[in-house]
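Asker: Structure provided below as structure tokens; questions to follow.
The values are calculated or read from the model by the stated rules, or taken from the named source; none is laboratory data. These numbers come from a predicted model, not from an experiment. Neighbour counts run over all protein chains shown; Cβ positions are idealised from the backbone, glycine included.
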Amino acid sequence: MIFQHPELTLRPVSDADQVFLQSLYASVRDTELRPTGWTEEQKAAFLSMQFQAQHRAYAAYPDTEYFIVQRGQQDIGRLYLQHQPETISIVDISLMADACGQGVGSNLLQAVFAQARAAQKAVQIHVEKLNPALRLYQRLGFVQVEDKGVYLLMQRPAETG
């Protein structure tokens with residue numbers, strides 16, 4: 001994926017990124033786990049198990065690009081894109097908590113939209129109904145295609161011309 005931004009870069013995920021990716025996963029799930037009453041050890045064990053399961057599942061997606069998002073030399077997120085005949089599916093877009101609300105997600109999405117526009121493809125994403133990013137996706141032109149219970153399948157139509 002071609003991505004040009006003065007402060008952000010994308011690089012392919014490597015085996016050396018596993019510690020960062022697990023930390024990112026824990027950061028994303030932190031708010032959700034706060035009310036559980038679990039000890040830090042219980043949370044860590046649960047997060048490790050869930051991260052490994054998600055990592056194995058994502059690794060099985062065909063035709064997928066896996067990127068680490070960097071600001072300067074600091075890893076701040078991940079972007080996983082699956083290329084299908086009619087769509088580019090955002091398998092995962094996650095940012096460390098301290099990188100949220102600064103336009104990073106919007107910049108990444110604009111790059112995905114540019115790639116989709118060049119290929120005349122729609123862009124899809126599954127998003128939890130209570131995810132605060134849902135408002136961003138709607139503002140950027142995603143519409144609900146399907147209600148899958150906890151998740152909504154959202155799509156931004158292909159742009160032509």
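Asker: So which strands (runs of 3 or more DSSP E) stay within the range 58-161 end to end and still have 3 or more residues that are surrounded by 17 or more Cβ atoms within 10 Å (Cβ to Cβ) and at pLDDT 95 or above?
Answerer: Of the strands (runs of 3 or more DSSP E) lying wholly inside the range 58-161, those with at least 3 residues that are surrounded by 17 or more Cβ atoms within 10 Å (Cβ to Cβ) and at pLDDT 95 or above span 64-71, 74-83, 87-95, 122-128, 151-156.
Asker: Follow-up question, since we're still on this one. If I ask for residues that are of a type outside the set (A, V, I, L, M) and modelled with pLDDT of 90 or more, which ones from the range 17-32 would you list?
Answerer: 17, 18, 20, 22, 23, 25, 27 - these are the residues of the range 17-32 that are of a type outside the set (A, V, I, L, M) and modelled with pLDDT of 90 or more.
Asker: How about the range 24-37: which of its residues are out of contact with any strand residue (DSSP E or B) (no Cβ under 9 Å at 6 or more places or on another chain) and of a type outside the set (A, V, I, L, M, F, W, C)?
Answerer: Matches in the range 24-37: 29, 30, 31, 32, 34, 35, 36, 37.
Asker: Follow-up. Taking the residues in the range 111-148 that are without any contact (Cβ under 8 Å) to a residue 40 or more places away in the chain and among the charged types (D, E, K, R) as candidates, determine which candidate is nearest to residue 4 (Cα to Cα).
Answerer: 121
Asker: Report yes if some residue within the range 33-54 is aliphatic (A, V, I, L, M) and in contact (Cβ under 8 Å) with a residue 60 or more places away in the chain; otherwise report no.
Answerer: Within the range 33-54, none of the residues are aliphatic (A, V, I, L, M) and in contact (Cβ under 8 Å) with a residue 60 or more places away in the chain.
Asker: Let me ask you something else. State whether the residues of the range 141-161 include one that is farther than 28 Å from residue 26 by Cβ and of a type in the set (Ser, Thr, Tyr).
Answerer: Keep residues of the range 141-161 that are farther than 28 Å from residue 26 by Cβ, which gives 141, 143-147, 155-161.
Narrowing further to those that are of a type in the set (Ser, Thr, Tyr): 160.
Yes, there is a match, as at least one residue in the range 141-161 is farther than 28 Å from residue 26 by Cβ and of a type in the set (Ser, Thr, Tyr).
Asker: If you don't mind, another one. Name the residue, out of 6, 35, that is outside any loop (DSSP other than H, G, I, E, B), surrounded by fewer than 13 Cβ atoms within 10 Å (Cβ to Cβ) and modelled with pLDDT under 95.
Answerer: It is 35.
Asker: With the requirement that a residue be loosely packed, with under 12 Cβ neighbours inside 10 Å and of a type in the set (Gly, Ala, Ser), what does the range 38-57 give you?
Answerer: Answer for the range 38-57, where residues must be loosely packed, with under 12 Cβ neighbours inside 10 Å and of a type in the set (Gly, Ala, Ser): 53, 57.
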